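Q: Okay, here's the structure, questions in a sec.
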């Protein structure tokens, strides 16, 4: 029996083409077109077209109208010859790019909307797939990952922390040197364009990544030393000296007995913390951090910091930032896994940005689908589903979202 085909790529392609025919003028693209490489992924055959170059914005817009790609990218790098093969492009520099993708996170909401199916025995489970199937011990799965408001709020929160570090600790000008983009799917991209970062190599970018992620934080280098009990608060010091204090304050203010046990703190240790919590929090805000050792040992502090710093650090994709020749998603274009727009977000509007409303490209029409399976889908102020082996009529935006994820087909 032939395998059932889901997704209706011809229909989705026609809708992408219809969108670009009317809206390609909205695409602004990156700066310095003559020195950027572009890449595009087609719906049919999933072939990546690379080493594409454009001399101006209108040429890019015409390409989108003529080809309606499922995914559109451009290089963070600048090249002398962007249309050449990689060994002949002559790298001139690269923007500093950060990618925050909630696919890399383990979130409680994933247990509600993601699922896996064992390819051997057919067992179905929720959330991330296990290393091996608990029923047959096979290690091969079909995975369905969706998104919800909780997912994208997590991604937004990580993005806000990243922006804060770039502006406060690295001196990036948020108005002229920094742009934030919604990826059109499960995350956000942050770009830094500054002559000082353009020539940074992989090692320097890796050091920035480690700083942003709080890798290798050692308490003694941030004021937490039992040898010094004088001086004032570290709150105004800047950098990780301030961030470690803030991280500890926020973590201790909400820490529960369950959290303490998860850190494998001994009962007398965490009972002392809880008993003196108010005094400890006041100390962190008003006095030198070395005073913390009245309430805990260096080993306890080390355990606390190992989790607390995550509240101040940003969980970025390390590979994207350190790759000097990375293709990054083109903003104002359509995303082939959702039918949503990749969007540039003014930095001061990030807090209120709502992709479930603002990133929707297809706002008219309905489509009737035979749906295999979906969790509840939120879009444009309403919810749809969950659906399981049923035929329904849905708004076109919802239908394209389902078809892009190959969870349904036209009736």
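Since every read-out is calculated from the coordinates, none of them should be taken as a lab result. Because the structure is predicted, anything quoted here is derived from the model rather than measured. Cβ: placed from backbone, ideal geometry, glycine included. Neighbour counts: every protein chain shown.
Q: Please report the relative contact order for the chain, taking Cα pairs under 8 Å with a sequence separation of at least 6, and give it as a percent rounded to a whole number.
A: This gives 20 percent for the chain.
Q: Oh, and also: Could you tell me what % of all Cα pairs in segment 1-136 have separations over 26 Å?
A: Of all Cα-Cα distances in segment 1-136, 49 percent exceed 26 Å.
Q: Could you state the angle between the C-alpha long axis of helix 57-67 and the longest principal axis of the C-alpha atoms of the chain, as a value from 0 to 90 degrees rounded to the nearest 10?
A: 60 degrees
Q: For segment 219-311, list log₁₀ I(q)/I(0) at each q in 0.13, 0.14, 0.16, 0.20 Å⁻¹, using the Debye formula over Cα point scatterers of equal strength and ignoring solvent, two decimals each.
A: These q points yield log10 I(q)/I(0) values of -0.37, -0.43, -0.57, -0.92.
Q: In whole angstrom, how far apart do the alpha carbon centroids of segment 354-407 and segment 104-175 sit?
A: 20 Å
Q: Which value in Å does the Kirkwood hydrodynamic radius of segment 103-253 take, with 1/r averaged over all unlike C-alpha pairs and then inverted?
A: Value: 19.1 Å, from the Cα pair sum.
Q: What percent of all Cα-Cα pairs in the chain falls in each 10 Å bin, counting up from 0?
A: Spelled out per bin, shortest first, that is 4, 18, 25, 24, 17, 9, 3, 0.
Q: Mind running the shape call on segment 52-114? Use the C-alpha gyration tensor, a ≥ b ≥ c as the square roots of the eigenvalues: rounded below 1.5 for a/c, prolate if a/b tops b/c, oblate otherwise.
A: Note, shape of segment 52-114 comes out oblate.
Q: Still on this structure, I have one more. Quick one: which of 361-371, 335-345 comes out on top by average Cβ neighbours within 10 Å, and what's the full order, highest first?
A: In decreasing order of mean packing, 361-371, 335-345 become 335-345, 361-371.
Q: How large is the Kirkwood hydrodynamic radius of segment 92-185, in angstrom, based on all distinct alpha carbon pairs?
A: The Cα-based Kirkwood calculation yields 15.9 Å.
Q: Which angle from 0 to 90°, rounded to the nearest 10, does the C-alpha axis of helix 277-286 make with the longest principal axis of the chain?
A: Approximately 80 degrees, to the nearest 10.
Q: Over segment 330-387, how many percent of alpha carbon pairs lie in each 10 Å bin up to the one with the longest distance?
A: The distribution over segment 330-387 is 18, 47, 28, 7, 0, given as percents.
Q: Also, quick follow-up: Compute the acute angle (0 to 90°) between the alpha-carbon long axis of helix 202-213 and the principal axis of greatest extent of the alpha-carbon atoms of the chain; round to the nearest 10°.
A: Computed tilt is about 70 degrees.
Q: While we're here: Tell me the mean residue ellipticity at 222 nm calculated for the chain from its helices only (DSSP H runs of n ≥ 4, each -39500 (n - 2.57), averaged over every residue, nearest 500).
A: After summing the helix terms and dividing by residue count, I get -9500 deg cm²/dmol.
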